[in-house]
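To start, the structure itself, in structure tokens.
The values are calculated or read from the model by the stated rules, or taken from the named source; none is laboratory data. As the structure is a computational prediction, the values presented were derived from the model and not from experiment. All Cβ positions, even for glycine, are placed from backbone atoms using ideal geometry, and neighbour counts span all protein chains on display.
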Amino acid sequence: MATAINLQAYQEPILFLATAGIIVPLFHRLRLSPVLGFLGVGALLGPYGLGRLVPEHPWVNWITFTNPEGTSHLAEFGVVFLLFTIGIELSWQRLRTLRRMVFGFGSLQVALCAVALGAIAFTSAGSITGAAVIGLALALSSTAIVIPVLAEQKRLNSTAGRASFSALLFQDLAVAPILFTIAVLDTSQPEVTLSSFAWALVYAALALAGIVGLGRIVLRPFFQLVSATKSPEIFMAACLLVVLVTSLVAAVSGLSMALGAFIAGILLSDTEYRRAVDVTIQPFKGLLLGVFFVSVGMSLDVFHFLEAPFTILAVAALLITVKGAIIFALGRHFGLNSAEAAETSLLLGPGGEFALVILGSAILAGLVPTGMGQVLMLVTTLTMIAIPILARMGRNLSRRIERRRPPDAAVAVPPPLDEVGRVIIAGYGRVGQLVGDMLERHKVPYLAIDMDPVRVAAERKGSKPVFFGDGSHPDFLRSCGIDRALALVITLDTLSSIEAVVTAARQENPEITIVARARDARHAVQLYDLGVDDAVPETIEASLQLSEAVLSDIGVPMGLVIASIHERRDEFRTILRSSNRKRDPERAQFHARRTIGKSTAAAPAAEPVNQARS
């Protein structure tokens, strides 16, 4: 007998997946941030939207989100996975370079905004304690919305993006002490004292040190063991295990789950597995962030807003204005130009998700009046919904200010290492290592990828830029910067592997130069047919090197030998390419257009040399 299925248990997951399948493509087509779509769906289908109609029309229950608490628990992991991927993109060295912005700009931003907003709220809060809690809550911004919006605009590595991230990172660090303080001030919990508060801080610090110390010892051997299985499923399970364990350990210790995941990401950023882990986590992060945005929209009570729309909008505008003015002034003080400071102020001016947590705790502790707290939570939600629009306004404003600035006043910010054009080597065996050595001699930056964890670990010990991963996956190539790479060198020895890498690379960057290793002439013709720019047959190269050795040994002048070897190599290349052109004329025309395009692009650079020679 078949087991009865409770369709109600599957209603919300199906509803969310349907929402994601419709909202994301639709908003991409409209060139709007999907964040706005998720927020809007949460407000429309949440308990304060169509959920109000359930008592009169029970069938509406099937198209609404009716379990805000369950959704919020799952949504929290969206922020956790977001901070984990941010940590992977950083490293201890990069974090040290940001320390002035994190602990200088970030700390002053929280302190000054809290004082200003607390002073404004003092008369309504009725106490200094309530005003201080409100000021601290509203001083925080939304990591979960600002970071994805910046990533979508490809602005994370801009000066405004780095300043925003630095402030958001300090805010995440400050959340735990703020919540501890609220617990100490809660008169309904007499067991919480200053001494217990101090012990809690020590306990959290020890837990943080434990995560860092244990992570440094365990993570690399753990992933080396997992990757040796060559099972994508096991590797994915290991990634999820690391995220969940570190975030839960941090939560049990009194820290935020997101902070624990962030530390785990930083620990993995210095390993050879960081790019493979990042690619594996991305789908989970995207879906869970969608759940988070839907849960934020569910907390928006539209009817409460309609009771006093002008007052709520005025408070929201005041919040963004006060925070924006302070952040703009601080940005200028910390070396940002007016365009960058303006963009940063609009990104950080709205409230954040942790403000909702702090205000909720303060209401339960009796530190903030319930009515005022509910209004401020609504104001915070409204400002969070406005972040994608404010981000676009900030980008446009930044461009206008930049245009008005004199050309010599603009300061060129050097791109980070990951943005610099380089060569990617797929396969780091004996051939790949020789290619890497030659690139190093000519001071050409490169990044190598390999599927052998033992080899990768050994090369990493020698400080080589080698990462574990499969070059046939477009997402992994994207994380390696294939769109900015100068060339791709494929040293793999099987046709199927080379074909997969070439196909993925051409999909991500049709213009990239691809040079591949070939077994013999027939293999080289097949590689040209796949779309490589140059195929190097091992048998032909071996014969040419033997010829060079014997000719020089019997006394033929070296200059003539080298010239004849180069001439013969060009003849072989012409023959192999002509064979490919006969087999596939359309592909040959495509390569010809690319070659002409590259020659045209290189012409201006060559012109001064020709003039100098003449």
Flagged in the range 449-469 as in contact with a helix residue (DSSP H, G or I) (Cβ under 6 Å, 6 or more places away or on another chain) and closer than 21 Å to R517 by Cβ, in numbering order, are D450, V466, F467, F468, G469
Expected output for the range 450-462 (first residue under 16 Å from P221 (Cβ atoms), partner assigned to a loop (DSSP other than H, G, I, E, B) and at pLDDT 85 or above, Cβ below 7 Å, 6+ apart or cross-chain) is P453/A228; R455/Y428
| Can you find even one residue in the range 322-339 that is more than 29 Å from the chain's Cα centre (by Cα), outside any loop (DSSP other than H, G, I, E, B), of a type in the set (A, V, I, L, M) and surrounded by fewer than 24 Cβ atoms within 10 Å (Cβ to Cβ)? | yes
(message) Suppose the filter is modelled with pLDDT under 75, closer than 30 Å to S338 by Cβ and of a type outside the set (S, T, N, Q); does L140 pass it?
(response) no
Of the candidates F223, F235, the one satisfying the condition of being in contact (Cβ under 8 Å) with a residue 12 or more places away in the chain and crowded, with 21+ Cβ neighbours inside 10 Å is F223
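Hey, among the residues in the range 100-120 that are small (G, A, S) and without any contact (Cβ under 8 Å) to a residue 60 or more places away in the chain, which one's surrounded by the fewest Cβ atoms within 10 Å (Cβ to Cβ)? First the steps, then the outcome.
First, the residues of the range 100-120 that are small (G, A, S): 104, 106-107, 111, 114, 116, 118-119.
If we keep only those that are without any contact (Cβ under 8 Å) to a residue 60 or more places away in the chain as well, we get 111, 114, 118-119.
Values: A111: 15, A114: 22, G118: 22, A119: 13.
Here the residue is A119.
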Being under 22 Å from L39 (Cβ atoms), of a type in the set (D, E) and assigned by TED's automatic domain parsing to the domain that holds V79 narrows E307, E272 down to just E307
Yes/no for V294 being of a type in the set (V, I, T), over 23 Å from G135 (Cα atoms) and touching a residue at least 12 places away in the same chain (Cβ under 8 Å): yes
Checking T539, T574, T595, T513 in turn, the sole residue that is among the β-branched types (V, I, T) and at pLDDT below 65 turns out to be T595
Across (1) under 26 Å from I389 (Cβ atoms); (2) at pLDDT below 75, F65 clears everything bar (2)
Picked from the range 129-178 (must be in a loop (DSSP other than H, G, I, E, B) and surrounded by 24 or more Cβ atoms within 10 Å (Cβ to Cβ)), the residue nearest to the chain's Cα centre (by Cα) is S142
Scanning the range 17-54 for residues that are in contact (Cβ under 8 Å) with a residue 40 or more places away in the chain and of a type in the set (K, R) gives R52
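Return yes when F293 is aromatic (F, W, Y) and surrounded by 20 or more Cβ atoms within 10 Å (Cβ to Cβ) and no when it is not.
Numbers: aromatic (F, W, Y): yes; surrounded by 20 or more Cβ atoms within 10 Å (Cβ to Cβ): yes.
So F293 fits the description; yes.
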Condition set at pLDDT 85 or above and among the hydroxyl-bearing types (S, T, Y), scope the range 488-510, selection farthest from R478 (Cα to Cα): answer is T491
* Asked: Within the range 444-458, can one find any residue that is surrounded by 21 or more Cβ atoms within 10 Å (Cβ to Cβ), at pLDDT 90 or above and in a loop (DSSP other than H, G, I, E, B)?
  -> no
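For I281, state whether it is buried (at least 21 other Cβ atoms within 10 Å of the Cβ), among the β-branched types (V, I, T) and in the same structural domain as V80 (by TED's automatic domain parsing).
On the way: buried (at least 21 other Cβ atoms within 10 Å of the Cβ): yes; among the β-branched types (V, I, T): yes; in the same structural domain as V80 (by TED's automatic domain parsing): yes.
Considered against the rule, which asks whether it is buried (at least 21 other Cβ atoms within 10 Å of the Cβ), among the β-branched types (V, I, T) and in the same structural domain as V80 (by TED's automatic domain parsing), I281 comes out as yes.
Mind telling me which of the residues A485, A524 ends up being crowded, with 19+ Cβ neighbours inside 10 Å and within 30 Å of L219 (Cα to Cα)? Can you show your working first?
On the way: A524 fails: within 30 Å of L219 (Cα to Cα).
The unique qualifying residue is A485.
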Determine whether the range 388-398 contains at least one residue that is modelled with pLDDT of 80 or more, more than 27 Å from A125 (Cβ to Cβ) and either aromatic (F, W, Y) or not assigned by TED's automatic domain parsing to the domain that holds A151 (or both).
no
